[in-house]
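A quick write-up on the structure given underneath.
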Amino acid sequence: MTDPQIMLTERVQQALARAFGSEHADADPLIRPSQFADFQANVAMSLAKRLRRAPREVAEAIKAELSDFPGTVEVSGPGFLNITLDGSWIESEATRMLADPRLGVGTITPSQTVVIDYSAPNAAKEMHVGHLRTTIVGDSLARLHEHLGNTVIRQNHLGDWGTPFGMLIEHLLDIGEEAAVAQLEAGQGTEFYQAARAKFDGDDAFRQRARVRVTTLQSGDPDTLRLWHVFMDATVRYFNKIYSLLGVTLTDADIAGESMYNPMLQKTCDDLEATGTAVISEGALCVFPPGFTGSDDKPLPLIIRKSDGGYGYATTDMAAIRYRVHDLKAERMLYVVGADQALHFRMVFAAARLAGWLPDSVSPEHVQIGMMLGKDGRRFKTRSGESVKLMDLLQEAVDRAKAAIAERGYDEATAKEIAHAVGMGAVKYADLSVSHDSEYVFDLDRMVAFTGNTGPYMQYATARIRSIFRRAGVDPADAAGPLVLAAPAERALGLHMLGFGELISQVTAASEPHRLCAFLFQTASLFSTFYDECPVVKEGVDPETRQRRLALCSLVLRVLETGLDLLGVPVPERM
């Protein structure tokens with residue numbers, strides 16, 4: 001099936017070439033949805049200046065050349081082209097979409113290998129709300145790329161190495177392995193860290209032991225590595241509880257933490273220095289990628305090895321780029337990381353280009369994640385000023401959802417299942433419906449509402465369609481076309497559906513899942529109008545009308561369920 005805007009763009013561009021010459025064939029027709037027709041093309045307004053002709057005259061010339069066109073064109077105002085598509089064309093394309101298992105969503109040819117770096121909690125501390133957005137956005141992008149046929153390699157870049165692990169291992173020994181594992185598995189990583197830190201700051205003997213332990217860890221001492229694994233295994237088991245609760249697709253096989261790159265860091269430094277990409281500056285090994293200057297207008301260094309011989313994030317990130325390009329054969333790399341790291345990643349990417357480790361054929365992209373705010377407009381924290389534990393927040397979302405459906409008469413098991421889906425859907429959809437680089441206010445009351453652009457509203461839309469099929473005694477999969485879109489609400493809904501395939505391609509290419517949310521919300525809103533104006537299974541609806549409206553319901557249901565699944569939002573059967 002054909003996306004209407006893509007079809008219209010091609011037809012108007014062909015008309016431009018016939019009317020004004022081939023040099024205008026690639027002009028953007030500026031086609032937008034219109035309240036006066038199906039679409040409006042505004043190209044005549046911009047092209048008129050180049051042609052030195054009146055905009056309306058240009059619009060009339062374009063209209064005259066729009067041949068073999070499934071619709072009507074009218075020139076309006078100073079030179080707008082109002083385009084109305086034939087209803088038969090919309091019906092034909094919507095019927096083709098209904099019969100297509102992929103709903104018009106194409107595949108990328110040739111497919112790409114896409115590495116997506118997301119979630120990446122710090123193993124030394126509890127997972128908090130700051131990790132929520134990178135986890136949810138990254139997982140949605142992974143789902144989208146896989147749906148389009150790309151090979152996705154997930155990389156959970158855990159903070160699982162470094163000097164803090166000296167004190168963490170010593171604290172583990174002090175309290176005993178069994179007690180430490182129980183605390184870490186219970187999600188008390190922050191408390192564990194704080195206790196270790198307090199001893200490190202206040203106990204000279206403990207501090208000395210911790211420093212020695214860092215050395216033995218970095219040297220690969222077997223007993224120290226065993227203790228490190230005890231700590232990490234317990235921590236990862238807790239992370240997996242959160243991933244399971246959220247329905248995130250990350251697994252242990254996707255873990256590629258800082259420890260993985262540790263054996264590569266010395267060679268990373270040696271190779272950069274040997275090629276002259278990195279130089280010694282004030283005792284540190286630095287890369288000075290061109291175009292980056294500090295407030296003093298001096299070249300800004302990317303420190304690869306500190307003056308004390310230690311490594312930092314830049315070292316690991318440079319090693320990771322080389323590994324992902326050379327070993328994983330990445331063609332596109334998405335770093336779903338906080339917006340505050342923008343300068344760091346620009347410099348890392350530039351340094352990797354300078355070193356020849358990042359060829360032009362590979363696209364590295366920082367998918368910037370904006371900050372989550374509380375209702376007061378400040379960074380989201382508890383009343384005591386601490387970061388909110390992610391598990392606590394998710395459990396509260398489920399509790400709010402359970403309260404919202406408490407009067408609906410479900411048995412305990414069903415209510416529990418629906419509350420979990422609604423709670424997780426509310427949190428995930430609220431995050432994804434906002435542009436990933438924007439800040440947004442975390443407001444559970446608004447998130448779990450069943451009205452507005454919320455996860456529960458979207459879930460309810462799918463549940464309502466399924467209830468129609470239950471009343472009709474028909475399986476949605478058996479509702480076949482052809483579609484006849486006689487009423488205005490049917491026509492508007494069918495026309496909107498046709499944009500789904502192209503939208504998925506655009507959302508994936510631009511890493512903008514919020515646009516998919518907007519499309520799905522509009523779908524649900526148009527369906528609500530259709531539901532109110534076009535009875536489906538009510539008494540008095542003739543069999544033919546009932547059948548074609550059930551077919552339209554089936555198409556909408558599949559689009560909503562497919563879109564929500566690509567976002568990672570669960571869809572309960574009933575609500």
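Values for this structure:
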read-out	value
Portion, in percent, of the accessible area of the stretch 344-489 that falls on carbon or sulfur, probe 1.4 Å	49 percent
Förster-model FRET efficiency, 35 Å R0, Ala253 and Thr414, C-beta, rounded to 0.05	0.55
Rounded to whole Hz, the Karplus (6.51, -1.76, 1.60) HN-Hα couplings of the stretch 306-311, x for glycine and proline	5, 5, 8, x, x, 9
The stretch 314-357 - Rg (one decimal) and Dmax (whole number), Cα, Å	10.3, 29
0 to 90° range, to nearest 10: angle between helix 189-202 axis and the chain longest Cα axis	30 degrees
Antiparallel bridges, percent of DSSP beta bridges restricted to the chain (to nearest 5)	55 percent
0 to 90° range, to nearest 10: angle between helix 164-175 axis and the chain longest Cα axis	70 degrees
Probe 1.4 Å, all protein chains present, accessible-area order of Tyr410, Tyr243, largest first	Tyr410, Tyr243
Estimated 222 nm signal from helices in the chain, with DSSP H stretches of n ≥ 4 weighted -39500 (n - 2.57), rounded to 500	-17500 deg cm²/dmol
J(HN,Hα) series, the stretch 452-462, from Karplus relation 6.51 cos²θ - 1.76 cosθ + 1.60, nearest Hz, glycine and proline x	x, 7, 10, x, x, 5, 5, 5, 5, 4, 5
Percentage of interatomic Cα-Cα distances in the stretch 188-280 larger than 17 Å	69 percent
Accessible area, probe 1.4 Å, largest first, for residues Tyr323, Tyr335	Tyr323, Tyr335
Reciprocal of mean inverse Cα separation for the chain (Kirkwood radius, Å)	27.2 Å
Selected from Thr293, Tyr323, Leu354, residue furthest toward positive end of dipole (the stretch 274-357; charges at beta carbon)	Tyr323
FRET efficiency for Leu225 and Gln266, using Cβ-Cβ distance with R0 set to 22 Å, rounded to 0.05	0.75
With all protein chains modelled, accessible area of Ser88 [1.4 Å, Å²]	80 Å²
Nitroxide proxy distance, nm - points 7 Å out along Cα→Cβ at Glu282 and Arg50	5.1 nm
Distance between modelled label sites at Gln188 and Gln522, nm, 7 Å Cα→Cβ extension	5.1 nm
Contour minus Cα-Cα distance for Glu177 and Ala510 (0.36 nm per residue)	115.2 nm
Integer Hz, Karplus 6.51/-1.76/1.60 couplings in order for the stretch 218-224, x for Gly and Pro	5, 7, x, 4, x, 5, 5
Met264 accessible area, assembled protein chains, probe 1.4 Å, Å²	60 Å²
Over 30 Å between alpha carbons, listed pairs Lys375/Lys402; Lys329/Lys389; Lys125/Lys375	Lys329/Lys389
Extension reserve of the Ala342-Gln14 stretch, reckoned as 0.36 nm per residue once the Cα distance is removed	113.9 nm
14 Å beta-carbon shell around Gly312, net charge (K/R +1, D/E -1)	-1
Largest to smallest accessible area among Asp317, Asp296 [probe 1.4 Å]	Asp296, Asp317
Cβ charges +1 (Lys, Arg) and -1 (Asp, Glu), total dipole of the stretch 352-490, debye	260 debye
Separation of alpha-carbon centers, the stretch 355-375 and the stretch 22-53, rounded to whole Å	34 Å
Solvent-accessible surface (1.4 angstrom probe) belonging to Phe345, in square angstrom, nearest 10	10 Å²
Cα centre as origin, Lys/Arg/Asp/Glu Cβ charges: the chain dipole, Debye	700 debye
Cβ-derived FRET efficiency at R0 35 Å, Glu65 paired with Arg102, nearest 0.05	0.55
Zone residues, the stretch 171-192, relative to Ala205, backbone N less than 17 Å from point 7 Å out along Cα-to-Cβ	171-176
Fully extended contour minus Cα-Cα distance, from Ser22 to Thr216, at 0.36 nm per residue	62.8 nm
Angle between the chain longest axis and helix 342-355 axis [Cα atoms, degrees, rounded to 10]	80 degrees
Distance from the stretch 119-186 to the stretch 196-239 (C-alpha centre basis), Å	17 Å
Relative contact order computed over the stretch 420-506 (Cα-Cα under 8 Å; 6+ residues apart), in percent	20 percent
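The values are calculated or read from the model by the stated rules, or taken from the named source; none is laboratory data. Just so you know, these numbers come straight off a predicted model, no measurement behind them. FYI the Cβ positions are ideal-geometry reconstructions off the backbone, even for glycines, and counts take in every protein chain you see. Side chains included, ligands, DNA and RNA excluded: accessible areas come from the protein's heavy atoms. Shrake-Rupley method; radii C 1.70, N 1.55, O 1.52, S 1.80 Å.
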